[in-house]
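Asker: Please see the structure below; I have some questions.
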Amino acid sequence: MFVSRTFAARRAVLAVSAALAASVLWGTAPAHAQAWPSRMIKLVVPFPAGGPTDTASRIVGQRLAERLGQPVVVENRAGASGSIAAAQVAKSPADGYTLMMLATPTLLAPHLYKKAGYDTVKDFTPVATVYDLPIVVVVNPAQMPSVTDLQKLITHAKARPGQLNYTSSGAGSFGHLSMELLKQMGGFEMQHIPYKGGVPAITDTIGGQVPLMYADLVAALPHIQTGKLRAIAVGSPQRVAMLPDVKTIAEQGFKGYEAVSWGGLLAQPGTPKAVVDRIATEVQQILAEKDTQDKLLTAGAIAAYQAPDKMARRIQQDYVKWGTVIRDKGISNE
C-alpha cells in the first residue's frame, strides 16, 4: 500500500508539471510565469519630440522592438529638465516594461530643482548608455573675426573684463555648466545670458545679439557648415567626426577637461537582473550596427554603449562633478 501511494503521488506531480509546461507553451500560464517581454514596452523620453534625445530614443526603440518581438512605444513627457518624467518613472513597477532615456539635464536636475522628486543615483537602475552628444564653443565670425581658437577667445575676454557675454540654452543647461567650468580653469570672465532653448540662443548668436555660445553640436552644426558660426573648440575628450579639424578644449591647453552630454536607458530599482542584462545586450548589438550609428550621426549624436556597471559609475561621477560646479557658482533653476 505504501508503494502504491508513493507511485500515485509521483504521477500527480508529473501531471501538474505537464500541465504547467503546456500552459507556458500555449500562453495560458499566469502573468508572473511568462517570459519577458510578453507585452508592449514603454520608453519615456523626458523632452519634447524632435530633439536629439527623442530622435535617439526612436532610432534605438525601433530596433529594440524588432529584436524583442514586442512594440516599444516612445512617450514624451517634457518639463523641468526632465524631472517631471523622471519622478513618475521612478515610481513605476520594476518589471522591465517602463524604461526612460536619461539625458544629462535630467541627471543633474536634482541639483537645480529643490523638489525634483527623485534621486538620480538611488532611484534608478542603469541599463545601458546609448549616445554621446558633443557640445561645441561657437562664435559669430562677424562679431569676433580674430577669434579662431580657444586661446584667442581667452585673450579677447581678458582684455575686456566684465564686457564679454556668452549664451547657452538656459540657466543650468549643460552648455552653461561647461562654460563655467572652463572659465574657472582658464581664469577669465564672461557674463552668461541664458535663453529658453537652444534654437533662440543660436538665432541670436547668428544675429550678433550675443557673440558666442556653448551649444549642442546637433543644433549648431548646420550653421557651422554654412559659415554663420565658427566652431573653435569641442568639449569631448576626442575630436568629433563631424568637425575633424576643430580641436578639443583639452588639446588647447586644458588637460583633463571633459564635457560631454549623453543619454542612456534607465529602469527601476528591483528590475530583474536577467531583464536588465537582456536589454543591455540587445542595445550593445544595436549600437554596433553601422546603420544605427549612421542614423545617430545624422541626428548629431554618437553611438556610445556602456554596460550597466559602467553607466552607474558615469552617473555617479557626473552627478558629483557637475553638482560641484552648480554649488560653487550658485546656479539654480528656481
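Asker: Checking the structure you have, find out if any residue of region 152-168 is within 22 Å of Ala301 (Cα to Cα), open to solvent by 10 Å² or more (accessible area, probe 1.4 Å) and either hydrophobic (A, V, I, L, M, F, W, C) or under 18 Å from the mean Cα position of the chain (by Cα) (or both).
Answerer: No - not one qualifying residue is present in region 152-168.
Asker: Sticking with this one: Quick one: Lys115 ticks every box in (1) at pLDDT below 95; (2) in contact with a strand residue (DSSP E or B) (Cβ under 6 Å, 6 or more places away or on another chain) except a single one, so which number is it?
Answerer: The one condition Lys115 does not meet is (2).
Asker: Go through region 286-312 and count every residue that is closer than 14 Å to Val127 by Cβ and assigned to a helix (DSSP H, G or I).
Answerer: The total comes to 7.
Asker: Further question: Could you tell me whether any residue of region 66-76 is surrounded by 23 or more Cβ atoms within 10 Å (Cβ to Cβ) and modelled with pLDDT of 95 or more?
Answerer: Taking every residue of region 66-76 in turn, none turns out to be surrounded by 23 or more Cβ atoms within 10 Å (Cβ to Cβ) and modelled with pLDDT of 95 or more.
Asker: Tell me the residue from Pro37, Pro52, Pro46, Pro93 that is modelled with pLDDT of 95 or more and closer than 25 Å to Ala301 by Cβ, please.
Answerer: Pro46
Asker: Against the condition among the small types (Gly, Ala, Ser) and closer than 24 Å to Val325 by Cα, how does Ala128 come out, does it pass?
Answerer: Considered against the rule, which asks whether it is among the small types (Gly, Ala, Ser) and closer than 24 Å to Val325 by Cα, Ala128 comes out as no.
Asker: From the residues in region 86-124 that are among the small types (Gly, Ala, Ser), part of a loop (DSSP other than H, G, I, E, B) and free of Cβ contacts under 8 Å to residues at least 60 places away in the same chain, which one is least open to solvent (accessible area, probe 1.4 Å)?
Answerer: Of everything passing the filter in region 86-124, Ala116 is least open to solvent (accessible area, probe 1.4 Å).
The values are calculated or read from the model by the stated rules, or taken from the named source; none is laboratory data. Keep in mind it's a predicted model, so treat the numbers as computed, not measured. Using ideal geometry, Cβ is built from the backbone for each residue, glycine included, and neighbour counts are taken over all protein chains shown. Accessible surface areas use protein heavy atoms only, side chains included; no ligands, DNA or RNA. Shrake-Rupley method; radii C 1.70, N 1.55, O 1.52, S 1.80 Å.
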